[in-house]
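Report on one structure; see the data block that follows.
The values are calculated or read from the model by the stated rules, or taken from the named source; none is laboratory data. Small disclaimer: the values here were computed from a predicted structure and weren't measured. No Cβ is skipped: glycine too gets one built from the backbone with ideal geometry, and neighbour counts run over all protein chains shown.
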Amino acid sequence: MKKNQNEKVNICVIGAGYVGLVSGACFAELGHHVICVDNDPGKIAMLEKGIMPIYEDDLERVVKKNVKAGRLHFSNFIKEGMLHQGRRAEAIFIAVGTPPRDDGSADLSTIEKVSEEIAKNMAGYTVIVEKSTVPVETCDWISKTVKRHNKKGIPFDVASNPEFLREGTAVWDFLKPDRVVAGVSSKEAEAVLKRVYRPMKGAKVLFTSVKSAELIKHASNSFLAAKISFINAVANICEKTGADIEDVAKGMGLDKRIGSSFLKAGIGFGGFCFPKDLEAFYWLSRRKGYDFELLKTVKDINEGQKMWLVKKAEDELWNLEGKTVAMLGLAFKPETDDMRFAPSIDIAREFLKRGAKVRGYDPISQENAKRAIKGIYFAGDPYDCVKGADCICLVTEWKEFAALDMKKVLAAVKHPILIDGRNLFDPAKMRELGWTYTSVGRP
């Protein structure tokens, strides 16, 4: 019993956003004692009342379960997070925001401030674990910052433990990961992280150097973004030749060297990870004297794919001036309320720029969308959204939309024009119902 007790780790997670809150809740689910710290009093107040500040499947259950069990706590103060109820944090995970600057680099100022605060409150050997997505060499700067403000000379290590969570399935991804990557520079740090992840039975834990771990995250996301842009480029060729992108993608995916994941043609990727990480990786490569031009091409293809939907609507309506366009789905992907870098933002702005009236609806991200997109009508349900529309554009492939009564929708629109930006519907069925139907890369 004593051995099992010693296996548990006192953890402080700084940042209670998508990564920090999910990580903190899941660390508690593994049996560790966790305190999540965030400088937003409103967010902490919500969490203490059992209200989730973000939408993420199964997160509310895991949070409430572990709060009730006494394993998960919340605070506005890093000092309290590092010493909570007499427990000193052995591992501190930094999961704060690293928003992109105009030049594509990541803004790491919050990480610097957090590092200073950690240094001033250490009371014993501590492993400081960078979990935010950051450019390689960030951990070196964290280490320098902590040394500069660590007046008592308390020993510490800085490690990199990048996250690979998909919004919508983040809790599952954390508890049942493909792999856990940990970059360490000492046996002591490795031992602590082994204790952190030991309860995760069967998980593949890869220990690397710190710089390798930092690079793995950017390289992984950039590769997946490239895979999406590649299949979208192929979809454009399919449209010009009469081939079917669904068949092409299936044929490619059967090759074990390629695999079927991320070979889904559509209107491009969004969210906070892929666009930001792609930009940061490209910025880093140029800073180091290597022009990683492939990454720029991946971005350009993705930006162009958003405008594919606008062009298709224009092809059907001729002039967009004064026409009403209904956008079904606004979040960057299903099962999340995240609007950061959502394709819907640029698409809606382009429609408005060309004089169209835009109606939008999303099952979950409606409130966030209202802050991100100005000048459009936000409908109360999908049928209200399509009422009187000259054209419907499917932007996010929510299951709710697949279950719509398309005869009812047909009766509500002004013109039976459906532009399917996610290949959600069956082309033959839509045309049989009387729709003028267009999808991505399908004849």
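Can we say Glu350 is surrounded by fewer than 21 Cβ atoms within 10 Å (Cβ to Cβ), over 28 Å from Thr169 (Cα atoms), assigned by TED's automatic domain parsing to the domain that holds Gly266 and of a type in the set (Asp, Glu)?
Here the answer is yes, as Glu350 does meet what is asked.
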Any idea which of (1) assigned to a helix (DSSP H, G or I); (2) at pLDDT 95 or above is the one Ala182 doesn't satisfy?
-> (1)
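Quick one: which of Arg422, Arg340, Arg349 is more than 16 Å from Glu316 (Cα to Cα), free of Cβ contacts under 8 Å to residues at least 60 places away in the same chain and basic (Lys, Arg)?
Result of the check over Arg422, Arg340, Arg349: Arg349.
Within the range 281-318, which residues are of a type in the set (Gly, Ala, Ser) and more than 17 Å from Lys264 (Cα to Cα)?
Within the range 281-318, Ser285, Gly289, Ala313 meet the criteria.
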Taking the condition touching a Pro at 6+ places or on another chain (Cβ under 9 Å), at pLDDT below 95 and outside any helix (DSSP H, G or I), does Gly168 pass?
-> yes
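Search the range 247-283 for residues being among the charged types (D, E, K, R) and at pLDDT 95 or above, and hand back the single one that is nearest to Ala170 (Cα to Cα). Outline the logic, then answer.
First, the residues of the range 247-283 that are among the charged types (D, E, K, R): 247, 250, 255-257, 264, 276-277, 279.
Those left that are additionally at pLDDT 95 or above: 247, 250, 255-257, 264.
Values: Asp247: 30, Lys250: 26, Asp255: 27, Lys256: 25, Arg257: 26, Lys264: 20 Å.
Checked the range 247-283; the qualifying residue nearest to Ala170 (Cα to Cα) is Lys264.
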All but one of (1) surrounded by fewer than 22 Cβ atoms within 10 Å (Cβ to Cβ); (2) within 30 Å of Lys299 (Cβ to Cβ) hold for Leu59; which doesn't?
-> (2)
Selection over the range 32-80 where residues are over 17 Å from Val22 (Cβ atoms) and not in a loop (DSSP other than H, G, I, E, B) yields a count of 10
Would you please name the residue that is farthest from the chain's Cα centre (by Cα), looking only at residues in the range 97-142 that are of a type in the set (Gly, Ala, Ser), surrounded by 18 or more Cβ atoms within 10 Å (Cβ to Cβ) and not in a loop (DSSP other than H, G, I, E, B)?
-> Ala119
Working carefully through the options Gly15, Gly31, Gly24, find the one that is under 26 Å from Lys194 (Cα atoms), in contact with a Pro (Cβ under 6 Å, 6 or more places away or on another chain) and assigned by TED's automatic domain parsing to the domain that holds Met82.
-> Gly31
Output for the range 221-262, where each listed residue is assigned to a loop (DSSP other than H, G, I, E, B) and either β-branched (Val, Ile, Thr) or buried (at least 21 other Cβ atoms within 10 Å of the Cβ) (or both) = Ile258
For the range 185-201, enumerate the residues that are more than 20 Å from Thr133 (Cα to Cα), out of contact with any Leu (no Cβ under 9 Å at 6 or more places or on another chain) and in a loop (DSSP other than H, G, I, E, B).
-> Ser186, Lys201
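So which residues in the range 84-95 are touching a strand residue (DSSP E or B) at 6+ places or on another chain (Cβ under 9 Å) and surrounded by fewer than 22 Cβ atoms within 10 Å (Cβ to Cβ)?
Those that are touching a strand residue (DSSP E or B) at 6+ places or on another chain (Cβ under 9 Å) and surrounded by fewer than 22 Cβ atoms within 10 Å (Cβ to Cβ): His84, Gln85, Arg87, Arg88, Glu90.
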In the range 299-332, what residues are without any contact (Cβ under 8 Å) to a residue 40 or more places away in the chain and of a type in the set (Gly, Ala, Ser)?
-> Gly304, Gly322
Pairs, please: C-beta under 6 Å, at least 6 apart or cross-chain, first residue touching a residue at least 40 places away in the same chain (Cβ under 8 Å) and in the range 109-132, second small (Gly, Ala, Ser)?
-> Val127/Ala91; Val127/Ala159; Val127/Ala189; Val129/Ala91; Val129/Ala159; Glu130/Ser160; Lys131/Ala95; Ser132/Ala95
Of the criteria (1) in contact with a helix residue (DSSP H, G or I) (Cβ under 7 Å, 6 or more places away or on another chain); (2) within 21 Å of Glu112 (Cα to Cα); (3) at pLDDT below 95, which one Glu7 fails | (2)
Unmet criterion (only one of (1) small (Gly, Ala, Ser); (2) in contact (Cβ under 8 Å) with a residue 60 or more places away in the chain; (3) under 27 Å from Ile118 (Cβ atoms); (4) touching a Leu at 6+ places or on another chain (Cβ under 7 Å)) for Ala159 | (2)
Go through the residues of the range 422-430 one by one and say whether even a single one is assigned by TED's automatic domain parsing to the domain that holds Pro343, touching a Lys or Arg at 6+ places or on another chain (Cβ under 9 Å) and either under 22 Å from Gly270 (Cα atoms) or modelled with pLDDT under 95 (or both).
-> yes
Working only within the range 320-337, note down all residues that are surrounded by fewer than 24 Cβ atoms within 10 Å (Cβ to Cβ) and either in contact with a Leu (Cβ under 8 Å, 6 or more places away or on another chain) or in a loop (DSSP other than H, G, I, E, B) (or both).
-> Leu320, Glu321, Gly322, Lys323, Lys333, Pro334, Glu335, Asp337
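What number of residues within the range 288-298 are assigned to a helix (DSSP H, G or I) and either among the small types (Gly, Ala, Ser) or free of Cβ contacts under 8 Å to residues at least 40 places away in the same chain (or both)? Talk me through it step by step, then tell me what you get.
Filtering the range 288-298 down to residues assigned to a helix (DSSP H, G or I) leaves 293-298.
Okay, now just the ones that are also either among the small types (Gly, Ala, Ser) or free of Cβ contacts under 8 Å to residues at least 40 places away in the same chain (or both), so 293, 296.
Selection size over the range 288-298: 2.
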